[in-house]
1. Please report the carbon-and-sulfur percent of the accessible area for the range 110-221; probe 1.4 Å, protein heavy atoms only, DNA, RNA and ligands left out.
2. Filter the trypsin sites (Lys or Arg not before Pro) in the range 119-167 down to the DSSP loop ones having no more than 14 other Cβ atoms within 10 Å, then list what survives.
3. Of Ser168, Ser130, Ser214, which has the most accessible area and how do the rest follow, probe 1.4 Å?
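The values are calculated or read from the model by the stated rules, or taken from the named source; none is laboratory data. Remember, predicted model here, so these are calculated numbers, not experimental data. Here the Cβ is made from the backbone with ideal geometry for all residues, glycine too, and neighbour counts use every protein chain on show. Each accessible area value is taken on the protein alone, full model and side chains, heavy atoms only, with ligands, DNA and RNA left out. Shrake-Rupley method; radii C 1.70, N 1.55, O 1.52, S 1.80 Å.
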Amino acid sequence: MDLGMNGAGERAGVSLKTLKWEQSWSFLRVAKVALSMVLMFAPPTVHAQNDTEPIVLEGKCLVVCDSNPSSDGAITSSLGISVRSGSAKVAFSAIRSTNHEPSEMSNRTMTIYFDQVLVNIGNHFDLASSAFVAPRKGIYSFSFHVVKVYNRQTIQVSLMQNNYPVISAFAGDQDVTREAASNGVLLHMERADKVHLRLERGNLMGGWKYSTFSGFLVFPL
């Protein structure tokens with residue numbers, strides 16, 4: 001009698017332990033599923049040190065739909081995310097291939113014209129007008145090197161931004177046969193701003209094959 005009762009008690013104890021273990025295992029499986037759901041819908045980790053660095057999304061894929069090109073060359077999606085094209089590079093370098101004064105130099109604007117383009121990435125330098133037009137807002141670098149050949153004359157050259165002189169350079173040594181007026185600058189430009197060179201003083205009846213005008217986009221804003 002006692003043995004039967006003891007055996008039944010032992011079996012009941014084993015069954016109770018088995019039930020508790022199964023309940024614990026079920027709870028762990030439910031917790032695992034819940035954790036997986038949380039990780040699935042959790043936002044991706046974003047790392048970026050500043051506004052100029054690209055945003056790196058870890059562990060997730062970002063799909064941008066319904067994108068439209070904006071006026072500054074960036075792509076703005078319907079989600080309000082702006083992505084700049086890595087291929088949107090801007091640079092130019094122009095020279096005079098001859099050492100004779102072009103006929104355009106006699107016009108009233110006194111624009112310094114160039115007749116050959118060495119580099120024109122983006123095609124934002126217009127050879128006919130010898131002016132650069134900014135395709136977007138940003139910081140641009142410009143430099144020029146204009147040579148006068150004959151002595152006993154002084155030339156003064158200005159870099160014009162929207163027809164306003166920003167920087168100037170001159171060459172005026174009366175005893176030097178070949179002398180250059182050169183300068184360089186960084187400019188904050190808006191989209192469609194124009195830059196060209198103007199002869200403020202003197203003439204350029206020689207030395208053109210040594211003269212250059214260059215610029216490039218440092219970074220967009």
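1. Numbers: 2750 of 5460 Å².
Carbon and sulfur together cover 50 percent of it.
2. On the way: sites: Arg136, Lys137, Lys148, Arg152; in loops: Arg136, Lys137, Arg152.
Sparse-neighbourhood loop trypsin sites (Lys or Arg not before Pro): Arg152.
3. Sorted descending by solvent-accessible area, the residues read Ser168, Ser214, Ser130.
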